[in-house]
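First up is the structure itself, then whatever we jot down about it.
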Amino acid sequence: LAGGKSMSVGVVTQAIDRPFYGAALRGIEIELGQAGYSPLFMSGHWRGDLEARCIEVLRARRVDGLIVLTGRLSDAALRAVARSLPVVVTGRSLKAANLISLDFDNREGARQATQHLIDLGHRRIAFITGASEHADAAERQRGYQMALESAGLKIDPAIVQTGDFSEQSGLAAVERLLSGRARFSAIFAANDQMAFGAAVGLHRHGSRVPDDVSLVGFDDVAGSVYFVPPLTTVHNPIQEVGQLAARSLLRLLAGERPEGKVPAPRLVLRESTCPPKP
């Protein structure tokens, strides 16, 4: 403090208990620790008012900079914060002085996941959406739609079910799909946690993955490789994004302009998908 620095960085996450955010926070912690900085973590729970409150508290703690993991704060609010404090934000494209944004191509990742199922021969592909207030959920749904449209396949609202990125919502979505007697041979869930819940629902109704229903997730969280069967999913390099966010902030603090770019999505093929039965 005597030198004008607290050697701390404020980090506003959304759900500190979820594996997706946990990986990002680990990446931030690693990178900041190597530079002698300490992260201060707070959760906004996808509420703009809580995120704003988090930022107030962190500024009162005299953090040297701020990392915001996606969130609901408006672009204007983030630009206002950046006038007096270096800011790095993930999950959006935003340009401003003293601010760096790091965006992941959710649409392309979802297109790859859906295209994989189409290439296997699936034509009735159910989709479990993410929470409607999340920008990445909308992009993942658009990627699903793009792949179907490109293949000349009809988008059937009856096999598109709403989820909220939790395991329970994936389970509930499959229950609705099966109770509605909708025909489908594959499911694409907008994140791995919903895919895990979907698998439980299929199991309870006697459907095997992938013999009866192929299943694809998104994010490639740590548990997906140990799922039974191991889950085909889109790799979202969230720990790398956390490290990149921290490195970008450190460069801003050094008076430099970061040049980092988020890696492109890539499909990770495992044993939860196969061609549909004749």
The helix 19-34 Cα axis meets the longest alpha-carbon principal axis of the chain at an angle in degrees, between 0 and 90 and rounded to 10, of 30 degrees
For the pair D105 and R204, the simple spin-label estimate (label points 7 Å beyond Cα toward Cβ) gives in nm 3.8 nm
Within the stretch 61-122, the percent of DSSP beta bridges that are antiparallel, given to the nearest 5, stands at 10 percent
Taking a straight Cα-to-Cα line shorter than 28 Å from K154, and setting aside same-chain lysines fewer than 8 residues away, one finds K277
Projected onto the charge dipole of the chain (unit charges on the beta-carbon of Lys, Arg, Asp and Glu, signs +1, +1, -1, -1), the Cα from S169, S150, G48 with the largest positive-side position is that of G48
Everything considered on the Cα gyration tensor (a ≥ b ≥ c; rounded for a/c under 1.5, else prolate if a/b is larger than b/c, else oblate), the stretch 122-190 must be described as oblate
For K261, the aspartates and glutamates lying under 15 Å Cα to Cα, once residues fewer than eight places off in the same chain are dropped, come out as D103, D105, E240
Net charge (Lys, Arg +1; Asp, Glu -1) of residues whose beta-carbon lies under 15 Å from that of H205, H205 excluded, is +2
Longest principal axis of the chain (C-alpha) makes with the long axis of helix 48-60 (C-alpha) an angle, in degrees to the nearest 10, of 30 degrees
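Only sites in a loop by DSSP and with at most 14 other Cβ atoms within 10 Å count here; which trypsin sites (Lys or Arg not before Pro) in the stretch 125-209 make the cut?
Loop-located and lightly packed - K154, R181, R183, R208.
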Rounded to one decimal in nm, the spacing of the 7 Å Cα→Cβ label points at I155 and C274 is 3.2 nm
If each K or R counts +1 and each D or E counts -1, the residues other than L58 whose Cβ falls under 13 Å of its Cβ total +1
Relative contact order of the stretch 66-209 (C-alpha contacts under 8 Å, at least 6 apart) in percent is 20 percent
Output for the stretch 193-278: GluC sites (Glu not before Pro) sitting in coil per DSSP, at most 15 other Cβ within 10 Å, listed by number, reads E256, E259, E271
Given a 1.4 Å probe, the accessible area of the chain per residue, as a whole number of Å², is 45 Å²
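Keeping every protein chain in place, order L85, L40 by accessible area at 1.4 Å, biggest value first, i.e. largest first.
Largest accessible area first, the residues go L40, L85.
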Heavy-atom accessible area of M146, protein chains in place, probe 1.4 angstrom, given in Å² to nearest 10, is 70 Å²
Counting Lys and Arg as +1 and Asp and Glu as -1 over every other residue whose Cβ sits under 14 Å from the Cβ of P19, the net charge comes to -3
Expected max-MSF residue from G36, G242, G260 in the GNM of the chain (alpha carbon, under 10 Å) is G36
Cross-link reach from K5 to lysines, straight Cα distance under 27 Å and at least 8 residues apart if same chain, gives K95
Dimensionless Rg/Rh of the chain, both radii on Cα and Rh by Kirkwood, sits at 1.03
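When DSSP beta bridges are limited to those with both residues in the chain, what percentage is antiparallel, rounded to the nearest 5? Intermediate values should be presented prior to the final figure.
Working: 4 of 35 bridges.
Taking every DSSP beta bridge within the chain, about 10 percent pair in antiparallel fashion.
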Computed over the chain: longest principal axis from alpha-carbon atoms vs helix 135-150 long axis, angle to nearest 10 degrees, is 40 degrees
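The values are calculated or read from the model by the stated rules, or taken from the named source; none is laboratory data. Here the structure is a predicted model, which means the values were calculated and not measured. All Cβ positions, glycine included, derive from the backbone under ideal geometry; neighbour counts span all protein chains shown. Each accessible area value is taken on the protein alone, full model and side chains, heavy atoms only, with ligands, DNA and RNA left out. Shrake-Rupley method; radii C 1.70, N 1.55, O 1.52, S 1.80 Å.
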